[in-house]
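The values are calculated or read from the model by the stated rules, or taken from the named source; none is laboratory data. Here the structure is a predicted model, which is why all the values come from computation and not from measurement. Here Cβ is always computed from backbone atoms with ideal geometry, including for glycine, and neighbour counts include all displayed protein chains. Keep in mind that these areas ignore ligands, DNA and RNA; they rest on the heavy atoms of the full protein, side chains included. Shrake-Rupley method; radii C 1.70, N 1.55, O 1.52, S 1.80 Å.
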Amino acid sequence: MKILAIETSCDETAISILEAKGELNPPANIVSAPHFKILSNVVSSQIKLHAKWGGVVPNLARREHEKNIIPVFRKALKEAKMFNTVSKSKVTPWKPVQDVTLEKILHREPELLKQFLKEIPKIKIPKIDAIAVTYGPGLEPALWVGINFAKAIAFAWKKPLVPVNHMEGHIIASLLNGKSNPPNGGQNAKLIKFPSIALLVSGGHTELVLMKKWLNYKIIGQTRDDAVGEAFDKVARMLELGYPGGPIVAKLASLESQNSESEIKLPRPMLASGDFDFSFSGLKTAVLYLIKNLKENKDNVLDEATIADICREFQQAAIDVLVSKTINATKKYKAKTIIIGGGVAANKELRNQFAEAIEKESSYQTDSKTGLSLLIPDLNFTTDNASMIAAVAYLRINGAKNSIIKDISKLKADGNLILK
Ligand code: KG4
Ligand code: ZN
């Protein structure tokens with residue numbers, strides 16, 4: 001099955017085409033379990049545009065998605081070698097189905113409608129089995145562009161449409177492995193053993209999710225205030241390092257300490273709370289006061305070594321809490337696999353320290369054959385992409401009822417969509 005997926009929940013316009021094979025139930029052997037081959041994975045980032053504002057501006061994101069989605073779509077088809085044009089004589093306008101028309105689907109995106117009518121009739125309909133689209137959580141103005149474009153393509157090309165939860169995408173991204181063979185191929189779904197614990201760490205979410213079986217998610221803990229990625233971004237802003245903060249803070253944190261007696265210490269919020277919830281707003285405020293105090297002692301300027309020390313200690317505080325709570329959840333639910341997903345999963349220290357912690361802890365398992373394994377996506381699949389959305393759509397078509405939406409007019413953006 002070939003699936004084209006569209007992702008516009010935040011500041012990335014992403015379209016991918018994925019070839020998927022295998023069955024979820026029962027995966028009798030490695031060959032028959034779901035596995036993926038990425039035919040194209042196009043991501044057009046708006047980071048530079050939003051950097052000026054220090055964060056993502058929803059209406060700017062909407063406008064950019066509207067402008068970029070068709071170029072990204074063409075590129076995704078080209079990369080997958082599915083882009084062919086039709087001769088003019090064969091270009092036929094679309095007839096309304098019941099009372100659905102293209103004009104109605106795209107009436108809130110007049111620019112996109114214009115581009116659509118000009119470009120899409122010239123493209124030969126490719127051999128794609130379904131269209132998938134993220135419908136939440138995320139920024140609603142941004143989500144709507146992807147949804148309406150997906151509806152328009154599904155309508156024009158008469159393809160089934162599968163709505164996907166973005167956070168489920170970040171979990172299933174762990175099955176996408178750019179380094180495997182064949183290149184751009186996927187890992188086998190058999191690598192996920194149940195029960196699994198997924199830690200989702202992104203700009204908008206920090207969640208621990210229990211998976212007892214495929215397509216079944218229970219949130220067992222989440223942040224009570226800021227998401228961890230948001231805390232990285234805010235700390236970077238306080239230190240005037242730019243946006244997005246995660247990669248910059250991580251880079252500075254990785255510098256060798258110039259300050260042998262750094263006395264910078266930050267709290268590990270809710271480390272001993274006994275539940276699986278998180279809180280990062282107190283940590284962020286602690287950084288704010290720390291900066292203020294240090295500046296007072298240093299004529300209002302922080303030297304580079306001090307900034308690096310702050311980044312290192314902040315990052316370590318965040319990692320300590322994330323690792324500890326995830327390991328505790330693993331023990332409580334006797335999990336066999338830990339999955340990490342979302343933008344912050346790109347953090348090298350986080351990846352390394354999770355690997356170390358799991359190695360140390362796997363001895364608690366009595367059944368040494370099952371062990372405890374760690375699945376983290378390759379770097380290009382930790383941040384937002386559409387391949388993960390296509391992979392979820394395949395699993396849903398394969399293993400869930402009602403995965404295809406019957407009446408496309410009913411599909412709406414849900415900014416606060418919850419994983420169930
Ligand atoms: O999943 P994502 O691309 O978008 C959302 O769905 O939010 O995550 C973006 C977040 C940002 O907060 C960014 O600062 C953070 O992921 N991030 C990182 C790193 N790379 C991206 N945080 C820490 N270390 C990194 N290397
Ligand atoms: Zn995301």
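At a Förster radius of 25 Å, what calculated FRET efficiency corresponds to the Cβ-Cβ distance of N402 and F194, to the nearest 0.05?
E between N402 and F194, to the nearest 0.05, is 0.65.
Note: relative contact order over region 259-380, using C-alpha pairs below 8 Å and six or more positions apart, is 25 percent. The charge dipole of region 109-267, taken about the Cα centre with unit charges on the Cβ atoms of Lys, Arg (+1) and Asp, Glu (-1), comes to about 1120 debye, rounded to the nearest 20.
Tally Lys and Arg at +1 and Asp and Glu at -1 over the other residues with C-beta under 13 Å from the C-beta of A355: what net charge comes out?
My count for the surroundings of A355 gives -1.
Residues whose amide H falls under 5 Å from that of F280, counting only those 5 or more places apart or on a different chain, are R224, D225, D226, with hydrogens built in the peptide plane.
Relative to the dominant Cα principal axis of the chain, helix 228-238 is inclined by about 70°. For the chain, take the longest principal axis of its alpha carbons; what is the angle in degrees between that and the long axis of helix 58-79, to the nearest 10 within 0 to 90? Value to nearest ten degrees: 60. If both residues of a DSSP beta bridge must be in the chain, then about 60% of such bridges are antiparallel. Taking Lys and Arg as +1 and Asp and Glu as -1, the other residues whose beta-carbon sits under 12 Å from that of I389 total -3. Once the Cβ-Cβ distance of K127 and S257 is raised to the sixth power relative to R0 = 56 Å, the FRET efficiency obtained is 0.50. Surface composition of region 325-364: carbon and sulfur make up 47 percent of the accessible area, probe 1.4 Å. When the charge dipole of the chain is built from unit charges on Cβ atoms (+1 for Lys and Arg, -1 for Asp and Glu) and taken about the Cα centre, the candidate among L4, S89, N347 whose Cα reaches farthest toward its positive end is S89. Across the chain, the relative contact order, built from alpha-carbon pairs under 8 Å that are at least six residues apart, equals 23 percent. Report summary: the helix-based calculation at 222 nm, which adds -39500 (n - 2.57) for every DSSP H run with n ≥ 4 and divides by the residues of the chain, gives -12000 deg cm²/dmol. Peptide packing for 100-106, 4-10 was compared via the average number of neighbouring C-beta atoms within 10 Å per residue; ordered from the highest value, the list is 4-10, 100-106.
Summarising the amide proton neighbourhood of G342: residues at separation of 5 or more, or on other chains, whose placed amide H is nearer than 5 Å comprise V201.
Region 64-124 and region 151-165 have Cα centres lying 12 Å from one another. Each peptide among 37-48, 201-212 gets the average number of other Cβ atoms lying within 10 Å of its residues, and from highest to lowest they stand as 201-212, 37-48.
Each Lys and Arg adds +1 at its Cβ and each Asp and Glu adds -1 at its Cβ; summed about the Cα centre, the chain shows a dipole of about 2240 debye.
Hey, with R₀ at 35 Å, roughly what FRET efficiency would K75 and V97 work out to, going by the Cβ-Cβ distance, to 0.05? Efficiency for this residue pair is about 0.75.
For the chain, a Gaussian network of Cα nodes joined below 10 Å ranks N380, N297, N68 by mean-square fluctuation, and the top entry is N297. Roll a 1.4 angstrom probe over the protein heavy atoms and tell me the percent of accessible area of region 192-317 that is carbon or sulfur. Summing carbon and sulfur atoms, their accessible area is 49 percent of the total for region 192-317.
Solvent-accessible area of region 37-115 (1.4 angstrom probe, protein heavy atoms only): carbon and sulfur portion equals 56 percent. One Cα centroid belongs to region 368-420, the other to region 307-359; the line between them spans 22 Å.
Remark: the K67-N25 segment gains 11.0 nm on full extension, using 0.36 nm per residue and subtracting the alpha carbon distance. Computed over protein heavy atoms with a 1.4 Å probe, the accessible surface of region 274-393 works out to 42 Å² per residue. Scoring 167-175, 251-259, 270-278, 83-91 by mean Cβ neighbours within 10 Å over their residues and listing the highest first yields 167-175, 270-278, 251-259, 83-91.
Computed from Cα atoms, the angle from the helix 110-119 axis to the main principal axis of the chain rounds to 60 degrees.
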